[in-house]
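The values are calculated or read from the model by the stated rules, or taken from the named source; none is laboratory data. Values in this document were obtained by computation on a predicted structure and should not be read as measured data. Because the Cβ atoms are built from the backbone with ideal geometry, glycine has one as well, and the counts that use them run over all protein chains shown. Quick note on the areas: whole protein, heavy atoms, side chains included, nothing else; ligands and nucleic acids left out. Shrake-Rupley method; radii C 1.70, N 1.55, O 1.52, S 1.80 Å.
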Amino acid sequence: MVKHYRPPGKKNEGNAARFITRSKAIKQLQVSLPLFRKVCILKGIFPREPKKKVKGNHHTYYHLKDVSYIQHEPLLERLREIRAYQHKVKKAEAKKNPYRATLLRQRSPAYKLDKIVLQRYPKFLDALRDLDDCLTMVHLFAALPAIEGCIEVKRIHNCRRLAHEWQAYISRTHRLRKVFVSVKGIYYQAEVKGQKVTWLAPHPLQQVVTDDDDFNIMLNFLEFYEALLAFANCHLYHSINVKYPPILDPRLEALAADHYALSRYFDANSRSSAWDRQESSLSGSGKVESQQIGPLVEESELRLAQLQHQLSSNEPGALMHLVEDVPGEDEEDDDTRECKKLFKDMKFFLNREVYRDSLLFIIPAFGGIVSWQGDGAPFEEDDDSITHQIIDRPRQDGKICGREYVHPQWVYDCVNARIILPTGDYLVGRDPPPHLSPFVDNDSFETEGVINRAEAEAEVAKEKRKKMKAHEKQHHHELIMELEGVTDSSSISNIDNLSADREEPDHDYEQVEEDNRIKSEIGLSRRVRGVIEGMRISRQRKKHLDDVIRQRRRNLRT
């Protein structure tokens, strides 16, 4: 059979037919590079790595089906219209017509990402699995300062609002599981709908933004993440019968007490839902009367939600504790019940120097009541019911009796250990114990040769006690020998037996150390074991040379 002639460079099969370079994709879509990047980020399309790069290694490749998928996207046409509209604004400014430019800016077209979020995440569990990067990005921008022409104040406020709404839900439902304070920031892990969500929140420090940072791509990601987190918060709030978006007390918002304002909003919604259940339970003529007064009740409930700031700040229902047995909430598992009772019947007060937002999120999530030093606090420092006061520096004035003054690390360690730890090691002025990561399993520590610090300290203390007992026994025996003046062979044999008894624990210590070393090397690879063995042999050689040098010095002195 005769083969058809194919001109060189016209191969359209294999990788050449499945992948396309970025420059060709931009020409095919007839868009600019920034617009192409934005559409790819919003649609979740990323570069590919083909096995054979037809055009060379210095090109970025995309799948041809992904590019064809973008080509028929309605959002792409909408972005083109916005770009053409921006040219009109620039044209009005160039013609020095500020009135028309202002009018065009006010009527600028916009777009929504609702359908894109639904396309990328058909199920809510799919969105929960992808919330890690979303929450980290939102918390990062919530802590950044506003930059003129780059990061708007409105966007920072929106990120801060979304982050607080997410934390309020986690604290409300007691879904927080692990907390770890690191150099990068504070790691949190929550369990929502059976999915573990881990995110990183930066430390509350002044962020310095340099000119080298390119925020264009980050802002494109943030735009999608804001829409995704808003949909996730809306779904989670409706799952516990709470209206979304929340209506907060403007006075508390002005005082930067968003966590407290959200807790009061939850409290007001629980009251309104209880009133709805009570009204729905009416029967007969009572139902007719409820239908007549229904609009009045709804209006009063809305008024109650909008005017929460008129409630007394010291009202028990307005405190930071959470309402129990909320209808519509998922059944609590064992971890949730355990976390809910960790700080039960405990009242905390935060000093001014303590990081407030993190502790206001963690303590109520584990069943505690918390207040702070400043305006808008639920209760003051002189409250007699306070059990623990979190401080980070020594107090100049006197301490109040019946109250524990502890370091903030005590709260984090109690959360990770799921027990109330003793406060003796966390007093101000002392070095607190090491803050270990709860994200690493203890079994993996043992296989890698890392010994638990508490067990190591216990072993050292045990060895010291054994040595002290051996020295005490030896000293007591020598005193008896001096008093009796016995120098016969029986005494020498007794001394030898005593020395042998004393040497036995040393032999046991060496054996225990060897067993621990062998146990720690079980899970290691052959190459790592070889490196460790070489290091051990080099230490032994060095120790032997040191002993030889010391012996020569003794010989020279004699």
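Give the Rg (one decimal place) followed by the Dmax (whole number) of segment 76-189, computed from C-alpha coordinates and expressed in Å.
Cα-based Rg and Dmax for segment 76-189 come out at 19.7, 60 Å.
Can you tell me how much longer the chain between Ala94 and Ile217 gets when fully stretched, taken as 0.36 nm per residue apart minus their C-alpha distance, in nm with one decimal?
41.4 nm
Measuring from centroid to centroid over Cα atoms, what is the spacing of segment 46-93 and segment 340-357 in Å?
For segment 46-93 versus segment 340-357, the Cα centre distance is 50 Å.
Once you have the Cα-Cα distance between Arg465 and Ala417, take 0.36 nm times their residue separation minus that, and quote the gain in nm to one decimal.
My answer for the length gained is 14.4 nm.
May I ask you to give the percent of accessible area on segment 72-131 that is carbon plus sulfur, with a probe radius of 1.4 Å?
54
Name the long-range amide H neighbours of Tyr61: under 5 Å, sequence gap of 5 or more, or other chain; modelled H, no Pro or chain starts.
Here Arg48 satisfy the definition.
Given a Förster radius of 41 Å and the C-beta distance between Lys543 and Lys196 as r, what FRET efficiency does 1/(1 + (r/R0)^6) yield to the nearest 0.05?
0.30
Rounded to whole Hz and in sequence order, give me ³J(HN,Hα) for segment 393-409 from the Karplus expression 6.51 cos²θ - 1.76 cosθ + 1.60, θ = phi - 60°, writing x for Gly and Pro.
8, x, 7, 7, 8, x, 9, 8, 5, x, 9, 8, 10, 10, 7, x, 4
Distance from a point 7 Å along Cα→Cβ of Thr102 to each backbone N in segment 69-91: keep the residues under 17 Å and list them by number.
Once the point is set 7 Å along Cα→Cβ of Thr102, 89-90 turn out to lie under 17 Å by backbone N, inside segment 69-91.
Take every Cα-Cα pair in segment 45-116 and report what % of them are more than 21 Å apart.
53
Under 14 Å from the 7 Å Cα→Cβ point of Gln373, by amide nitrogen: which residues of segment 382-415?
Label zone hits: 382-383, 389-400, 405-408.
Given the pairs Lys112/Lys243; Lys90/Lys184; Lys27/Lys90; Lys466/Lys542; Lys184/Lys243; Lys399/Lys467, which span a C-alpha to C-alpha distance of over 31 angstrom in this model?
Lys90/Lys184; Lys184/Lys243; Lys399/Lys467
Return the sequence-ordered ³J(HN,Hα) values of segment 68-75 in whole Hz as given by the Karplus equation 6.51 cos²θ - 1.76 cosθ + 1.60 applied to θ = phi - 60°, using x for Gly and Pro.
Calculated HN-Hα couplings, in order: 5, 5, 5, 4, 9, 7, x, 5 Hz.
For Ile247 and Arg37, FRET efficiency with R0 = 45 Å and r from the beta-carbon atoms, rounded to 0.05?
The computed FRET efficiency comes out at 0.75.
Per residue, how much accessible area does segment 76-231 show when a 1.4 Å probe rolls over the protein heavy atoms, in square angstrom? Mind dumping the intermediate values first?
Details: 8800 Å² over 156 residues.
Accessible area per residue: 56 Å².
For Val370, enumerate residues with amide H under 5 Å from its amide H, sequence gap 5+ or separate chain, H modeled in the peptide plane.
Met320, Phe348
Taking square-rooted eigenvalues a ≥ b ≥ c of the alpha carbon gyration tensor, is segment 166-227 rounded, prolate or oblate, where a/c under 1.5 means rounded and, failing that, a/b exceeding b/c means prolate?
Here segment 166-227 falls in the oblate category.
Once the Cβ-Cβ distance between Arg83 and Thr210 is put in as r, and R0 is 35 Å, what FRET efficiency do you end up with, to the nearest 0.05?
Given R0 = 35 Å and the Cβ-Cβ separation, E is 0.75.
Work out how much length Phe46 to Met535 would gain on full extension: take 0.36 nm times their residue separation and subtract the Cα-Cα distance, in nm to one decimal.
Here the answer is 171.5 nm.
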